[in-house]
Structure formats: structure tokens, C-alpha cells
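Take a look at the structure set out below.
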Amino acid sequence: MEIINSVMEIKNSEKLKYKRAEKKVKALKGFYVHFGIYILINLFISINKVIVYHYDNGQSWIEAFWQFETFSVWIFWGIGIVFHAAKAFDFNPFFSKNWEKRQIEKYINEDKDGFKKFK
């Protein structure tokens, strides 16, 4: 009976690993699609603003290029891209795994100290 249980646990473990890997791949794929769309749309908007709108209105190419409207979408959408990348690549500089472990140990030690007071 124990052998059957251990075989079932191994199969369940493999399924969980596969599902986690599949979820990770979907997150990465979603980020790459998002990033590709970001580049294409922003290139279109920038070219449209610089060449078509400003350049045709009598500004030089350099004057038309160095306007806030040219970069505003890049900047604000780029902030969203950074957060999406951080989530997709499991990057969290503020609340890393080490931080979590330290906090858990801290609270465990506080509980132990609290119990010592009542002994």
C-alpha cells in the first residue's frame, strides 16, 4: 500500500512541476508578446508624430523629434513593461526569497521570546 501511495505522490509531484513550468512559459510568452507590441506601436506613433505631424508643420526633423509627445508613450507604457518583466522573470528586489526567510525567522524568534516570558 505504501508503494502505491509513493507512486501516486510522485505522479502528483510531476504534474505539479509540469503545471508550474507551463505557467512560467505562458507568463514569459505573454511578456514577449507585450514587449513586441510595445515596440511596434510606439515606433508607429513616434514616426507618425515626428515625420507626418511635426515635420509637415514646418519644424526641422530634430525639433520634431525632441518633443515630449514623441517619448511620452514610450515612458509611461515602458513603466508598465518594466513591471510586467519583473513579474514574468520573478524579479523582486524589495521582497526577495531571502527577505521572506528573514521575516519568517524574525517572527518565529519573537514568538519564542514571547513564550519564554510566560514560563
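Bear in mind these aren't lab numbers, they're just calculated from the coordinates by the rules spelled out. What you see is a predicted model; the values in this text were computed from it and never measured. When we count neighbours, we look across all protein chains shown, and the Cβ atoms used for this are built from the backbone with ideal geometry, even at glycine.
Counting only residues that are among the hydrophobic types (A, V, I, L, M, F, W, C) and surrounded by 13 or more Cβ atoms within 10 Å (Cβ to Cβ), how many does region 13-27 have?
Filtering region 13-27 down to residues among the hydrophobic types (A, V, I, L, M, F, W, C) leaves 16, 21, 25, 27.
From the residues that got through so far, the ones that are surrounded by 13 or more Cβ atoms within 10 Å (Cβ to Cβ) too are 27.
Counting residues in region 13-27 that are among the hydrophobic types (A, V, I, L, M, F, W, C) and surrounded by 13 or more Cβ atoms within 10 Å (Cβ to Cβ) gives 1.
What number goes with the only condition from (1) loosely packed, with under 14 Cβ neighbours inside 10 Å; (2) touching a residue at least 12 places away in the same chain (Cβ under 8 Å) that residue 75 does not pass?
Of everything listed in (1) loosely packed, with under 14 Cβ neighbours inside 10 Å; (2) touching a residue at least 12 places away in the same chain (Cβ under 8 Å), residue 75 misses just condition (2).
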